[in-house]
Amino acid sequence: MSNELLVRLKACGDFPRHVAIIMDGNGRWARSRLLPRTLGHHAGMKSVREAVEGCIEAGVEVLTLFAFSQENWARPATEVSALMNLLDEYISKETANLRESSVRVTVLGDRNSLNSRTLTAIERVEQDTEGGTRLQLALCIAYSAREELTCAARRIAREVEAGTLDPQNIDEQSIAERLYTAAFPDPDLLIRTSGEQRISNFLLWQLAYTELYVTPVLWPDFSRTHLFEAILDFQSRERRFGRVTA
């Protein structure tokens with residue numbers, strides 16, 4: 001099924017350069033099976049690999065995954081600890097495969113809130129994959145879009161105060177260049193799993209003209225077939241960016 005979809009989407013030719021995914025539904029997946037929520041998060045690891053490998057096959061340049069928000073710190077301590085351990089496990093198991101697949105990993109978010117073990121793991125995977133050229137994989141960890149924008153505003157304010165930036169020269173590009181995602185194009189396609197219809201404080205600036213695709217599939221059940229279906233749906237849309245078709 002996925003091979004057939006891949007042939008179809010490649011025939012269309014209009015690929016999203018940047019795909020972002022809100023990975024939602026791990027808890028519900030576990031609850032429906034009478035399992036602890038932590039096992040739902042663990043089951044979602046295979047879907048991360050499916051998304052990465054699917055994006056490589058489809059020729060996507062950037063994949064951004066919303067892995068852990070700043071708001072998630074308010075979850076029970078046992079779940080937060082399990083999520084951090086899962087991140088460490090993912091990095092340990094997948095770094096070699098990511099490097100061999102020429103995937104470069106970048107972590108976006110507030111690193112100051114992470115423990116030393118997780119921070120070390122993040123720095124290691126970034127260093128070990130820095131030569132990747134086939135896919136840029138951005139993992140949003142301890143991430144908040146409002147905080148990202150606040151940090152950008154602070155940077156601009158400091159530069160104005162220091163006299164290195166003229167307020168008259170502040171424009172959209174000035175802000176974009178000071179965001180975590182400055183090195184990436186804005187997402188063309190946002191996928192949210194589990195059927196929830198909100199963006200949950202994710203890439204608020206960058207999603208201004210992104211095409212949204214919501215699927216009822218829970219994240220642990222998400223496969224490259226579902227990814228290709230989302231890209232095919234994207235290819236069927238007319239992106240006008242506020243303009244009208246002549």
task: For residues that are surrounded by 20 or more Cβ atoms within 10 Å (Cβ to Cβ) and over 19 Å from Leu98 (Cβ atoms), scanning just segment 36-61, find the one that is farthest from the chain's Cα centre (by Cα).
output: Gly40
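Quick grid of which residues meet (1) touching a helix residue (DSSP H, G or I) at 6+ places or on another chain (Cβ under 8 Å); (2) not in a loop (DSSP other than H, G, I, E, B):
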site	(1), (2)
Ile122	yes, yes
Arg146	no, yes
Arg158	no, yes
Glu161	no, yes
Leu165	yes, no
Gln173	no, yes
Pro185	no, no
message: I'd like the residue in segment 145-162 that is surrounded by 19 or more Cβ atoms within 10 Å (Cβ to Cβ) and not charged (D, E, K, R) and, out of all such residues, is nearest to Arg104 (Cα to Cα).
response: Ala145
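Of all residues in segment 1-58, count the ones that are among the acidic types (Asp, Glu), in a helix (DSSP H, G or I) and touching a residue at least 60 places away in the same chain (Cβ under 8 Å).
So the answer is 3.
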- prompt: Checking Thr225 against (1) touching a Leu at 6+ places or on another chain (Cβ under 8 Å); (2) outside any helix (DSSP H, G or I); (3) touching a residue at least 40 places away in the same chain (Cβ under 8 Å), which single condition isn't satisfied?
  reply: (2)
query: Quick one: what pairs do we get from segment 102-119, first residue on the phi > 0 side of the Ramachandran plot, second assigned to a strand (DSSP E or B), C-beta under 8 Å, 6+ apart or different chains?
result: Ser102/Leu135; Gly109/Phe68; Gly109/Cys140; Gly109/Ile141; Gly109/Ala142; Gly109/Tyr143
task: Tell me, yes or no, whether segment 106-114 has at least one residue that is hydrophobic (A, V, I, L, M, F, W, C), modelled with pLDDT of 95 or more and not in a helix (DSSP H, G or I).
output: yes
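Restricting the search to segment 115-142, which residues are among the hydroxyl-bearing types (Ser, Thr, Tyr), over 22 Å from Ile22 (Cα atoms) and modelled with pLDDT under 95? Working first, answer last.
Going residue by residue through segment 115-142, those that are among the hydroxyl-bearing types (Ser, Thr, Tyr) are 116, 118, 120, 129, 133.
If we keep only those that are over 22 Å from Ile22 (Cα atoms) as well, we get 116, 120, 129, 133.
Across segment 115-142, the qualifying residues are Ser116, Thr120.
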- line: Restricting attention to segment 96-155, the residues that are in contact with a Gly (Cβ under 9 Å, 6 or more places away or on another chain) and among the aliphatic types (A, V, I, L, M) number exactly 6
- prompt: Here are some residues: Thr133, Thr106. Which one is within 14 Å of Val62 (Cα to Cα) and exposed (fewer than 13 other Cβ atoms within 10 Å of the Cβ)?
  reply: Thr133
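Those residues that are under 23 Å from Leu203 (Cβ atoms) and exposed (fewer than 14 other Cβ atoms within 10 Å of the Cβ), I need them from segment 109-122; list them, please.
Within segment 109-122, Arg111, Asn112, Ser113 meet the criteria.
Can we say Leu98 is touching a residue at least 60 places away in the same chain (Cβ under 8 Å) and either of a type in the set (A, V, I, L, M) or more than 24 Å from Val19 (Cα to Cα) (or both)?
Numbers: touching a residue at least 60 places away in the same chain (Cβ under 8 Å): no; either of a type in the set (A, V, I, L, M) or more than 24 Å from Val19 (Cα to Cα) (or both): yes.
When the stated conditions are applied, Leu98 does not pass them.
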- prompt: Can you name the residue in segment 80-95 that is in contact (Cβ under 8 Å) with a residue 12 or more places away in the chain and β-branched (Val, Ile, Thr) and, of all such residues, is nearest to Leu149 (Cα to Cα)?
  reply: Ile91
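The values are calculated or read from the model by the stated rules, or taken from the named source; none is laboratory data. All figures in this text were calculated on a predicted structure; none of them were measured in a lab. Heads up, the Cβs are rebuilt from the backbone with ideal geometry, glycines too, and the neighbour counts pull from every protein chain shown.
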